[in-house]
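Step one of this worksheet: look at the structure below.
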Amino acid sequence: MSAFTPYVSEQLKAYVYLLIDPRDGEVFYVGKGNGNRVFAHAQDALGDEEAASDKLDRIREIHGAGQQVEHQLLRFGLTDRTAFEVEAAAIQLLGMDELTNKVEGHHVWRRGRMTTDVAISLFDAP
């Protein structure tokens, strides 16, 4: 398993990461992390075979095919607040139907993707 050194973790600060299936290059999970969070999902999938979720099942399928999940950083050097915003935007852009995420992200109901007509009616109301 991969891991960041304490120095690397300190330099990265809060980050947004992608889990990618190497079999088809598809992003299947978007997350926000600090430290070694990006690597924790694969450890969870291997460490607790009873735990079930679409994300963990996908990781087990990848490992069963003799491959490893690809980890990418989308943005780093962020505050936690900014990382949550980036995570939510990435999830909404990629679409919940394409991801194994269970939630869309923080504050999407308040500041997330919407049509311009909805924005006008929301903010230009009498």
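The values are calculated or read from the model by the stated rules, or taken from the named source; none is laboratory data. Keep in mind it's a predicted model, so treat the numbers as computed, not measured. With ideal geometry, Cβ positions are generated from the backbone for all residues, glycine too; neighbour counts draw on all protein chains shown. These accessible areas exclude ligands, DNA and RNA; they are computed on the full protein's heavy atoms, side chains included. Shrake-Rupley method; radii C 1.70, N 1.55, O 1.52, S 1.80 Å.
Overview of values
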{"read-out": "Some residue of segment 105-116 being at pLDDT 85 or above and either within 14 Å of the chain's Cα centre (by Cα) or loosely packed, with under 10 Cβ neighbours inside 10 Å (or both)", "value": "yes"}
{"read-out": "Residues within segment 72-126 that are part of a helix (DSSP H, G or I) and among the basic types (Lys, Arg), tallied", "value": "3"}
{"read-out": "The listed residue being in contact (Cβ under 8 Å) with a residue 24 or more places away in the chain and aromatic (Phe, Trp, Tyr), out of 29, 7", "value": "29"}
{"read-out": "Lone qualifier among 3, 52, 45, 88 - being among the hydrophobic types (A, V, I, L, M, F, W, C) and either at positive phi or touching a Gly at 6+ places or on another chain (Cβ under 7 Å) (or both)", "value": "88"}
{"read-out": "Among (1) over 15 Å from the mean Cα position of the chain (by Cα); (2) open to solvent by less than 30 Å² (accessible area, probe 1.4 Å); (3) at positive phi - the single one residue 35 does not satisfy", "value": "(1)"}
{"read-out": "So residue 62, is it surrounded by 13 or more Cβ atoms within 10 Å (Cβ to Cβ), in contact (Cβ under 8 Å) with a residue 12 or more places away in the chain and more than 25 Å from residue 89 (Cβ to Cβ)", "value": "yes"}
{"read-out": "The one condition in (1) over 16 Å from residue 19 (Cα atoms); (2) surrounded by 13 or more Cβ atoms within 10 Å (Cβ to Cβ); (3) not aliphatic (A, V, I, L, M) that residue 50 fails to fulfil", "value": "(2)"}
{"read-out": "One residue from 42, 83, 90 being out of contact with any strand residue (DSSP E or B) (no Cβ under 7 Å at 6 or more places or on another chain), buried (at least 18 other Cβ atoms within 10 Å of the Cβ), touching a residue at least 40 places away in the same chain (Cβ under 8 Å) and not aromatic (Phe, Trp, Tyr)", "value": "42"}
{"read-out": "Any hit, segment 2-9, residues being modelled with pLDDT of 95 or more and either under 16 Å from the mean Cα position of the chain (by Cα) or of a type in the set (Gly, Ala, Ser) (or both)", "value": "yes"}
{"read-out": "Selection count where residues are over 17 Å from residue 80 (Cβ atoms) and open to solvent by 50 Å² or more (accessible area, probe 1.4 Å), scope segment 5-21", "value": "4"}
